[in-house]
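Each reported figure results from applying straightforward, stated rules to the coordinates on display, with no laboratory input. Just so we're clear, the structure is a prediction, and the values are computed from it rather than from any experiment. All Cβ positions, even for glycine, are placed from backbone atoms using ideal geometry, and neighbour counts span all protein chains on display.
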Amino acid sequence: MRLLLLFIVVLSAEIALSQDPKKQQIIEQRIEFIGETLEDSDIDLTTYFDDLFNYYDNPLNLNSATEGELIRLHLMTDVQIVSLLNYRKLYGDFITIYELAAIDELDLNAIELILPFVVVEKVEKDDFKWKNAIRYSRHEIIARYQNTFEEKEGYIVKPDSILADSPNSQYLGSSDKLYLRYRNRYKDRLSWGFTAEKDAGEEFFRGTQKQGFDFYSGHLFVRKLWKFNALALGDYQVNVGQGLTVWSGFGIGKSADVMNGKRFATGLRPYASVNESRFLRGAAANFQNEKIDFTLFGSRKRLDANISFDDTLNGFDNSFTSFQISGFHRIPGEIEKQNTLRETIVGGEFALKGNSYRIGISSVHTSFDQPLIIDTSGYKKFKFSGSQLLTTGLNYRFYIRKLTIFGETAASDNLKFGTVNGLAWHVDPRLDLLLIYRNYDKSFQSLYSTGFGESADNTGERGLYIGAQARISKKISINAYYDQFKFTYYKWLTNDLSHGREYFGQINYKASYNSSFYVRMRNKVTQRNTKDDVEGIKGQEYIRKNTIRVNYDQRINSQWSFKTRFEWVNHFYGDQKSKGVMFFQDLKFRLKKIPLTLYGRYAIFDTDNNDSRIYAYENDLLGVFSIPSYFYKGIRTYLMLKYDLGRKIDLWLRWDVFSYANRDTISSGLEEIQGSEKTTIKMQLKIKL
């Protein structure tokens, strides 16, 4: 029966691919699944999904795929990966894709998810040659333009007399946002290219930006070359262990995919995104064999920082008081902070590995050309200060049948520790469990950490997370987690110790291959200072946020599909209550005779304030991840067109507007718009050669 169902799944996937061979359509669902769980309107998932885009063009051969390559799919749990590799080792190469049904840990949903990105083929001898890599590589160019119709305060021309007194009252550049990316790839072996971006408000080929774009990034990345498993030059990222020592890329935390709380370290990766701080620039190399995994990396780059010029302590001419990570250089005040700090990073990891284990030791040394000197009052008392930091960690992963035990313990050079440990248990084909315990000392310091937890810097926190994923039947599944946490020192907006908890539940019903429905419930409780100051002391009050979402997806036929969603939020700050509701209707239409796809949304929302805001993922240009927040009262609409100009050129056009019913102005400061509407237009051209 299972083999018959798998045959139907494979056949359906082949029909879907033949009807729409573009990877954007296939990957779109996975992007939304990750994106809709994030409450961040300005997050970049480009690097995270680069591997999926590559594997669609160059499917991964299951007969030669390594553990690292399967991890980079981001579609399988570690238990599923190990089970697949063990099956291949025990029975030899796969003969047909239908053999996946014989692996107990791979249910039909998991198989359906990976089918577009894998193949079963005979393993050929590695005949990598540079002339073939150059001759048969794929070139890709993406050019993007974005602007806002309504004039913002920062673009209104001010008299010279006002600018003389307030030079930061006007943006120096135009409101155009520009993006250009070139990338050359040969399968999964070679990647090189560059990325350039100009933010709205920044100058372009004039003034302080005579070099054109404000940000440039370039990389050369090679896999399986001579003794190197991976070699990176230029800009790259490093992920190690569970993210406590170094994790320079994006890391998923608590989400509807409850098993993703466990980090999947991908080691070295090329960097082709536009975040101007969370990457490394220099060189890195990885060496691997059956027993050893060894990585070395070095980086030196300039960062934006707030500089204090009147400090001569410790032999330095200057010091800095904070990092500036926005990447904006639109006004003199932002430009004077640009590239004022030099950061040098040296590190590596040495790991022993086998079929059922991996144990690694990693260390990262970070230094700056001037010391960080901060105000140590309040919640910043134990934060990093100085010019150098050494963080060293031990990470491990053991596989015991259907159980994975994993974790990482790291120590900063002040001998304070952070640790995260857990286990993932594939109980049976219908149930997966995940348990994660973290304990981060209030003085633990790691500048590039992205470990699991509530704290962005992984300090002063203890917590226990329990997640479960149950498949009740072929059509019904349940995802749920509970997280209890306690902060062992003050946090932002708290003048005392605080604690909290969060629970999440989602019931999924898949009525058919073309129809799905889910109901989501989420409740989170934290603490914050009271708004009222009583005798100079601020007490603690509970913040409670309840969310209920009902979502329905329907694919009518090969041309039409729609999505309907209703979401309700209740927010309590002590005795103060705010609430919000949102309803949207999405439509997607693909013409048969013309290679044109239309995306549209009509949404209405009504929230009392920003506390009860609601986030919702939106379809956007390829490589753009739009998760805006809906707050106050109004209507949100967008329309996007994607036109395929042959097999080599794709064109996107997108228009969106927020129309508020109870606002006379939108935003504040230099971003303020006089009026009740904000309209944005985006255009993108992608060329493949």
Distance (nanometres) between label positions extended 7 Å along Cα→Cβ at A661 and L689 = 5.2
ask   = Alpha carbon centre of the range 625-660 versus the range 373-397: separation in Å?
value = 41
task = Convert each backbone phi in the range 191-205 into a coupling constant with the Karplus relation 6.51 cos²θ - 1.76 cosθ + 1.60 (shift: θ = phi - 60°), then list the ³J(HN,Hα) values in order as whole Hz, x for Gly and Pro.
result = 9, 8, x, 9, 10, 9, 9, 10, 7, 4, x, 8, 6, 9, 6
request  = Provide the FRET efficiency to the nearest 0.05 for the V550-N289 pair, computing r from the beta carbons and using R0 = 41 Å.
outcome  = 0.20
inquiry  = What's the magnitude of the charge dipole for the chain around its Cα centre, counting Lys and Arg as +1 and Asp and Glu as -1 at the beta-carbon? Answer in Debye, nearest 20.
reply    = 2260
query = At what distance in nm do the modelled label points of Y542 and R501 sit from each other, each positioned 7 Å from its Cα along Cα→Cβ?
reply = 1.0
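Can you pull out the trypsin sites (Lys or Arg not before Pro) in the range 220-316 whose DSSP state is coil and whose Cβ has at most 13 other Cβ atoms within 10 Å? Please report the intermediate quantities before stating the final value.
Numbers: sites: R223, K224, K227, K254, K262, R263, R278, R281, K291, R300, K301, R302; in loops: K227, K254, K262, R263, R278, K291.
Sites meeting the loop and neighbour criteria: K227, K291.
Give, in nm to one decimal, the length gained when the segment between N306 and K210 is fully stretched (0.36 nm per residue of separation minus the Cα-Cα distance).
On the way: separation 96, 0.36 × 96 = 34.56 nm, distance 2.33 nm.
Length gained between N306 and K210: 32.2 nm.
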ask   = At a Förster distance of 35 Å, what's the computed FRET efficiency of A470 paired with V525, Cβ-Cβ distance as r, to 0.05?
value = 0.90
request  = Straight distance only, please: which lysines reach the Cα of K577 with their own Cα at less than 18 Å, same-chain residues fewer than 8 apart left out?
outcome  = K524, K531, K545, K633
task = Please identify the helices of the chain, taking whole runs of DSSP H, that span at least 18 Å along their own axis as judged from the Cα atoms and have a mean Kyte-Doolittle score of 0.5 or higher.
result = 2-19
ask   = For the charge dipole of the chain, defined by +1 on Lys and Arg C-beta atoms and -1 on Asp and Glu C-beta atoms about the Cα centroid, which residue among I114, H329, Q506 has the Cα displaced farthest towards the positive pole?
value = I114
ask   = Taking Cα centroids, how far is the range 168-239 from the range 417-452 in Å?
value = 33
task = Give the range of the longest stretch in the chain that excludes all GluC sites (Glu not before Pro) found in loop regions by DSSP and having at most 16 other beta-carbon atoms within 10 Å.
result = 337-534
note = Taking placed amide H atoms and a strict 5 Å upper bound, the residues 5 or more places from L447 or on another chain that come that close are none
message = Under 8 Å for C-alpha pairs, at least 6 residues apart: give me the relative contact order for the chain, rounded to a whole percent.
response = 10
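Compute the signed sum of charges (Lys and Arg +1, Asp and Glu -1) over the other residues within less than 11 Å, Cβ to Cβ, of D428.
Working: positive: K402, R430, R471; negative: D104, E105, D107, D432.
Charge balance near D428 sits at -1.
Taking the Cβ-Cβ separation of D160 and L641 as r and a Förster radius of 41 Å, what is the calculated FRET efficiency to the nearest 0.05? Could the numbers behind the result be given before it?
Numbers: r = 43 Å, r/R0 = 1.06.
So, using R0 = 41 Å, E works out to roughly 0.40.
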query = Amide H to amide H, which residues 5 or more places from Y357 or on other chains are under 5 Å from it, using H placed in the peptide plane?
reply = Y399
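Thinking of the range 161-253 as a set of Cα atoms, what percent of all their pairs are more than 22 Å apart? Show your work: numbers first, answer last.
On the way: 2303 of 4278 pairs.
The calculated P(r) of the range 161-253 puts 54 percent of pairs beyond 22 Å.
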request  = Grab the DSSP H runs of the chain that are 4 residues or longer, score each as -39,500 (n - 2.57), total them, divide by all residues and round the 222 nm result to the nearest 500 deg cm²/dmol.
outcome  = -3500 deg cm²/dmol
